[in-house]
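What follows is one structure encoded as structure tokens, with my remarks underneath.
Just so it is clear, none of the values below were taken in a lab; they were calculated from the coordinates. Just so we're clear, the structure is a prediction, and the values are computed from it rather than from any experiment. As a convention, Cβ positions derive from the backbone with ideal geometry for all residues, glycine included, and neighbour counts pool all protein chains shown.
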Amino acid sequence: MTRLFDFLSAILGLVLLSPGLLLIAALIWLVDGRPVFYRQVRVGRGGRPFRIWKFRTMVVDADRIGRPLTVSGDPRVTRTGAWLRRWKIDELPQLINVVTGDMGFVGPRPEVPRFVALYTETQRRVLDLRPGITDLASIAYRNESDLLEGHEDPEAHYIGTILPDKIRINLDYAAKAGVWRNLKVILATLGLLAPERV
């Protein structure tokens, strides 16, 4: 039921948003150059790798010239990218990932292989879940870049504190997930509903 809802909603979303998506793609191309999209490898359900779709918000080869995390004020973020990130518009192309079945609307945000390799046996249970565009953890850590900025080693803080808490939130949520509850998470992500306490 959830997969059917995600598939049909993603198709509808791509159709309705296509004029805006084309406009954003053209803006990135004109202001920041090519490529328009960023295709990073993430780890999905069952530990299967896939490439996530995003509008490019950083300079080309940003992952080769800096850490895998983005903190506030990161100089690798482009002018257009800063605006796209602020409003989470860079995530909209992930509707393609929803259509292909790599992701759903609601589920744990998929991590890069580098971080997944550090999961404990208990934490690896999160890989039993289909990753999503949004989740309660993303809402709770919507200001993650700001939280990381104040740390001498942002990556160590992310791995040691933020990531385990995100996994905890997602495993707790999965035990009671359903279409209606997922819809409430989507509305909370859009700012149309108060998020659940985590």
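Observations on the structure shown:
- Solvent-free Debye scattering, log10 I(q)/I(0), computed from the Cα coordinates of the chain at q = 0.15 Å⁻¹: -0.99
- Dividing the convex hull volume of the alpha carbon atoms of segment 1-47 by its residue count gives 75 Å³ per residue.
- Sorting Ile65, Ile89, Ile28, Ile96 from the fewest to the most surrounding beta carbons within 10 angstrom yields Ile65, Ile96, Ile89, Ile28.
- Using 0.36 nm per residue and subtracting the Cα-Cα separation, the extra length available between Arg124 and Phe37 on full extension is 28.4 nm.
- Along segment 70-75 the Karplus relation, 6.51 cos²θ - 1.76 cosθ + 1.60 evaluated at θ = phi - 60°, assigns HN-Hα couplings of 10, 9, 4, x, 4, x Hz to successive residues, with x for each Gly and Pro.
- Local electrostatic count, Gln40, Cβ distance below 9 Å [Lys/Arg +1, Asp/Glu -1]: +3
- Spin-label model distance (nm) - Ala117 vs Trp83, 7 Å beyond Cα toward Cβ: 3.8
- Between the amide H of Leu129 and those of Gly46, distances stay under 5 Å, these residues lying 5 or more places away or on another chain, with hydrogens modeled in the peptide plane.
- Principal axes of segment 94-198: Cα extent on each, largest first, Å: 39, 28, 26
- Label-to-label distance, nm, for residues given as Asp172 and Leu12 (7 Å Cα→Cβ offset): 3.1
- Here is what passes the span test in the chain: the DSSP H helices with alpha carbon length of 20 Å or more along the helix axis and a Kyte-Doolittle mean of 1.0 or above are 2-32.
- The simple Förster model, with R0 at 30 Å and r as the Cβ-Cβ distance, assigns Val198 and Val60 a FRET efficiency of 0.25.
- Cα centroid separation - segment 136-187 against segment 7-78, whole Å: 20
- Neighbour counts of other Cβ atoms within 10 Å put Met1, Met58 in the fewest-to-most order Met1, Met58.
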